[in-house]
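One structure below.
The values are calculated or read from the model by the stated rules, or taken from the named source; none is laboratory data. What you are looking at is a predicted structure, and each value in this text was computed from that prediction instead of being measured. No Cβ is skipped: glycine too gets one built from the backbone with ideal geometry, and neighbour counts run over all protein chains shown. When the accessible area is computed, the model is the full protein with side chains, heavy atoms only, and any ligands, DNA or RNA have been set aside. Shrake-Rupley method; radii C 1.70, N 1.55, O 1.52, S 1.80 Å.
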Amino acid sequence: MTVKKKLGKSTQAIHAGERDTPSTEKSGIPLLPPIHQNSTFRFTTAAECAEAFRDEESGYVYTRWGNPTQEVLEKKLAVLEAGEDALATASGMGAVSTALLTALVDGGHVVAMANLYSATFQILNEDLRRFGIETTFVDASNLSEIERAIRMDTKVLYLESPTNPLLKLIDLRGAAEIAKAHGLISIIDNTFATPCGQQPITLGIDVVVHSMTKYLSGTGAVVAGAIVGQSEFITHAKKGALRNFGAVISPFTAWLTLQGITTLPLRFARHCENALRVAEFLETHRAVAWVRYPGLPSHPQHELARRQMEAFGGMITLELKGGRTAGEHLVDRLERCALAVSLGDVRTLICHPASTTHSHVPAEIRQQIGITDGLVRISVGLEDIEDICADLEQALEACAS
């Protein structure tokens, strides 16, 4: 018997999920999946229409329920993340909220890591609390804290790894084992690592969410999100929270994201290569107190990163010796690196989390989790490494002087 060889990441990113359906009887097969930019689909008979409503697998009805362009993207995502199925959404937060609402359909309690993306923190700490759903925030890098926080009504374990912006790592296999032992649904935001950096589902995690706005699309041209997991969970999410709350991706956005994903493995490798070089440079600069990058031996969890990550990503966090003033001098003097709050772009982006991405997190909580006023986050882009380092060096000299 011939064993079918698993396709490589680049081949998956280009070919997975694409449909071999001619657009007309006389044409060849479209090389690129076409954009089905329509809100609804027509039927030739009442019986055919009724069958589509009765059995949604028999055909498309309405783009809020599903669309051929979206389906190609979802099949590609499922393959890349080693999941059974996937669901594309209108934004990363659309993916986070849809996943949480699906897992908490009957209410319950959440255990989440304390160091989360600020909008996710707000959903858990404010929005879901108004519905009677409580969250206990823990240092999830310490697995015993996860175990101690679990209650009788706990339904979900929510994680990020690496975290935003401190780049802490979670032992994903260990966390997944705890979740399974207590019957919890484990959810992880894998935006920073991407499926090229790690595949949490292969480590036992149940559900992966992404902001496809970042690395998956890659050019800063779209806002989109994704959920990947078992078919049953994805079906519940699609027919429930996504459809009813309406965080639906547009066909054109799905198509643009598809174009970005085809180059993800190539781009991500360059992001990682550049980030390591930048991190090594920053560690030697007199204006920098410390640098965090999972690929550096100085990272406190470097050995864990080597065990569970295939690549270390393009994100760097550093602490400036001069605090907030130094941070302002740094971003004001940059010429090539852009001051912007997103990440995963082909361009190098830099931000000051305390005044931007995490400004809505109460100051005392920011301090508790380590987001200080001197903290700076860099999303290293694809420019020539010499140009990135030269720009950072001239700006850092203003901080050191």
Hits in the range 175-184 (condition: among the small types (Gly, Ala, Ser) and open to solvent by 10 Å² or more (accessible area, probe 1.4 Å)): 181, 183
Considering the range 51-72 alone, what residues qualify as being assigned to a helix (DSSP H, G or I) and of a type in the set (Phe, Trp, Tyr)? 53
Residue that is surrounded by the most Cβ atoms within 10 Å (Cβ to Cβ) [pool: residues in the range 59-84 that are touching a residue at least 40 places away in the same chain (Cβ under 8 Å) and of a type in the set (Val, Ile, Thr)]: 69
Going through the range 344-381 one residue at a time, which ones are open to solvent by 10 Å² or more (accessible area, probe 1.4 Å), of a type in the set (Val, Ile, Thr) and touching a residue at least 40 places away in the same chain (Cβ under 8 Å)? 346, 357, 365, 369, 372
In the range 312-321, which residues are surrounded by fewer than 22 Cβ atoms within 10 Å (Cβ to Cβ) and closer than 17 Å to residue 164 by Cα? 319
Quick check on the range 322-338: of everything there that is of a type in the set (D, E, K, R) and part of a helix (DSSP H, G or I), which residue is surrounded by the fewest Cβ atoms within 10 Å (Cβ to Cβ)? 332
Return the residues of the range 40-58 that are charged (D, E, K, R), open to solvent by 70 Å² or more (accessible area, probe 1.4 Å) and in contact with a Ser or Thr (Cβ under 9 Å, 6 or more places away or on another chain); say none if nothing qualifies. 48
Against the definition (under 22 Å from residue 345 (Cβ atoms) and outside any loop (DSSP other than H, G, I, E, B)), how does residue 312 come out, yes or no? no
Of the residues in the range 143-166 that are more than 19 Å from residue 305 (Cβ to Cβ) and of a type in the set (S, T, N, Q), the one that is farthest from the chain's Cα centre (by Cα) is 144
What number of residues within the range 382-401 are over 25 Å from residue 264 (Cβ atoms) and open to solvent by 20 Å² or more (accessible area, probe 1.4 Å)? 8
Here are the criteria: (1) out of contact with any helix residue (DSSP H, G or I) (no Cβ under 8 Å at 6 or more places or on another chain); (2) modelled with pLDDT of 95 or more. Tell me which single one residue 243 does not satisfy. (2)
Suppose we keep only residues that are in contact (Cβ under 8 Å) with a residue 24 or more places away in the chain and surrounded by 19 or more Cβ atoms within 10 Å (Cβ to Cβ) within the range 288-303. Which one would you say is farthest from residue 202 (Cα to Cα)? 288
I want to confirm something. Restricting to the range 105-147 and keeping residues that are within 14 Å of residue 184 (Cα to Cα) and not β-branched (Val, Ile, Thr), which single residue is surrounded by the most Cβ atoms within 10 Å (Cβ to Cβ)? 112
I'm trying to understand the selection: among the residues of the range 305-324, which are out of contact with any helix residue (DSSP H, G or I) (no Cβ under 8 Å at 6 or more places or on another chain) and touching a residue at least 60 places away in the same chain (Cβ under 8 Å)? 305, 317
Does residue 341 count as within 25 Å of residue 215 (Cα to Cα), open to solvent by 50 Å² or more (accessible area, probe 1.4 Å), β-branched (Val, Ile, Thr) and at pLDDT 85 or above? yes
Considering only the range 18-37, state which residues are modelled with pLDDT of 90 or more and open to solvent by less than 80 Å² (accessible area, probe 1.4 Å). 35, 36
